[in-house]
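The values are calculated or read from the model by the stated rules, or taken from the named source; none is laboratory data. What you are looking at is a predicted structure, and each value in this text was computed from that prediction instead of being measured. Note that each Cβ is placed from the backbone with ideal geometry, even for glycine, and that neighbours are counted across all protein chains shown. These accessible areas exclude ligands, DNA and RNA; they are computed on the full protein's heavy atoms, side chains included. Shrake-Rupley method; radii C 1.70, N 1.55, O 1.52, S 1.80 Å.
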Amino acid sequence: MSANHSYFCPCPRGMETVLADELREIAENSQTLKVHQSVPGGVHCSGKLQDGWLLNLHSRIASRVLLRIAQSSYRHEEDIYRLAVKQAWEKWFGVENTLRIDLTTIKSPLKSLNFTTLRIKDGVVDRFRSETGSRPSINTHAPDIRIAGFLDAHNVTLYLDTSGEALFKRGWRHETGDAPLRENLAAGLLRTSGWKPGMPLLDPMCGSGTILIEAAQMVQGIPPGFKRTFSFEKFRHFDQAEWQALKDAVHITPPPAEPLIFGSDISGDMLNMTRHNLEKAGVTFSIPLHQIEAQEIKPPVDRPGIILTNPPYGERIGVRGNRHLQTDELASQFYQALGATLKRRFPEWSVFVFTADLAVPKLLRLKESRKTPFYNGPIECRLFRFDMVAGSNRTRQPRTFQNRQQ
């Protein structure tokens, strides 16, 4: 099991370039991990088994780390069954481990994905029966082992999922707001924005705090996989001592003397949720959080920084708004006021808005300098960048974020 293995790290669509950059940084801590080509939906890598552990521990942007077991061409479901049944699954896990099979396809000619999934399962189970006389059980809810199949028009690839639960599940989130931003997407947005620890960061619609927590963990060097378990821990020949040594090698940096991460939200309940989540995520420094409407914000520090936010929709925008207004009118008034605030109070800041509403620049009355397409699950979104410039309507130096709250 010390041989080199091929890995595929899927990610939210649109994040492939920033994921490849991140994986190359992780590879600097390994003699054997190599990053190969990016393809739509993820990045190919190769390395030892321990490199897979390293990727799971440190990647903020990958959705999973998949270890390639086999690949071949196919024409019928039976070709896929034959590929599955001849793999030495018993070298990787035992009959006592529960199983789940997941299948992803692009342009596959096969008619029934359910039947194809079933034939992969049959191949794995029949292999165990022939080798051991017994078979593993299926558990679709909380399996020990996940096998992933990928079909394109001509080829099938079988993977062992080394991650288990998707990597955006960091192990700290116990409370969420409605449709929270996934952690790996937030991490990718931070990287795309160019934010780095030491730069001021403000999320004026922070919700349950996902963007703030990802940034704060980056400041302290807390790996995203530090507080969770992984499927590879159930593989045969897993070395607990070696895994612990990888985790022990992590250096958590002391809290910064000056807080440069700030958050606010219209909802006090959301801010309480953020505080709880920050604590669970192991963040040991205080992030100033204030209950305030986004269009009322002022700069939290006296130098330019980055605003990165994922605006809520409808109801949360109008938590303290005029209930008699139609949602569209309410949103229009909100964005117009926010745009005016950004122009007046945030000269030389870079503002990034992640949204599925492609009309946001028009609503803000701002011209984007860049728009990057990403997918939040199946939903096509944009990360709009607006570069604020000092204008004649900025007549006086505003008080800082902290002072105005006193």
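Just to be sure, is Met218 at pLDDT 95 or above, out of contact with any helix residue (DSSP H, G or I) (no Cβ under 6 Å at 6 or more places or on another chain), over 11 Å from Ala281 (Cβ atoms) and not charged (D, E, K, R)? When the stated conditions are applied, Met218 passes them. Within the stretch 220-252, restricting attention to residues that are in contact (Cβ under 8 Å) with a residue 60 or more places away in the chain and part of a helix (DSSP H, G or I), the residue that is farthest from Arg100 (Cα to Cα) is Gln220. In summary, Ile211 fulfils each of the numbered conditions (1) modelled with pLDDT of 95 or more; (2) over 18 Å from Thr355 (Cα atoms) with the single exception of condition (2). Scanning the stretch 85-105 for residues that are assigned to a helix (DSSP H, G or I) and within 18 Å of Phe235 (Cβ to Cβ) gives Trp89, Glu90, Lys91. Kindly establish whether Ser73 is open to solvent by less than 10 Å² (accessible area, probe 1.4 Å) and touching a residue at least 60 places away in the same chain (Cβ under 8 Å). When the stated conditions are applied, Ser73 does not pass them. Checked against (1) within 19 Å of the chain's Cα centre (by Cα); (2) surrounded by fewer than 21 Cβ atoms within 10 Å (Cβ to Cβ), Leu23 meets all criteria but (2). Pairs meeting the criteria (first residue in the stretch 28-47 and among the small types (Gly, Ala, Ser), second residue in a strand (DSSP E or B) and open to solvent by 80 Å² or more (accessible area, probe 1.4 Å), beta carbons under 8 Å, at least 6 apart or on different chains) are Ser46/Lys34; Ser46/His36; Gly47/Lys34.
Quick check on the stretch 117-129. Is at least one of its residues open to solvent by 40 Å² or more (accessible area, probe 1.4 Å), at pLDDT below 95 and more than 24 Å from Cys45 (Cβ to Cβ)? There is no residue in the stretch 117-129 that is open to solvent by 40 Å² or more (accessible area, probe 1.4 Å), at pLDDT below 95 and more than 24 Å from Cys45 (Cβ to Cβ). Of the residues in the stretch 289-305, none is within 20 Å of the chain's Cα centre (by Cα) and open to solvent by 20 Å² or more (accessible area, probe 1.4 Å).
State yes or no: is Arg64 more than 20 Å from Ile222 (Cβ to Cβ), touching a residue at least 40 places away in the same chain (Cβ under 8 Å) and in a loop (DSSP other than H, G, I, E, B)? Answer is yes for this residue.
Can you pull out the residues in the stretch 33-61 that are of a type in the set (Asp, Glu) and open to solvent by 10 Å² or more (accessible area, probe 1.4 Å)? Once the filter is applied, which keeps residues that are of a type in the set (Asp, Glu) and open to solvent by 10 Å² or more (accessible area, probe 1.4 Å), the stretch 33-61 yields nothing. Scoring Lys196 on the criteria (1) in contact with a Gly (Cβ under 8 Å, 6 or more places away or on another chain); (2) charged (D, E, K, R); (3) within 22 Å of Leu23 (Cα to Cα); (4) open to solvent by 10 Å² or more (accessible area, probe 1.4 Å) leaves a single failure, condition (1).
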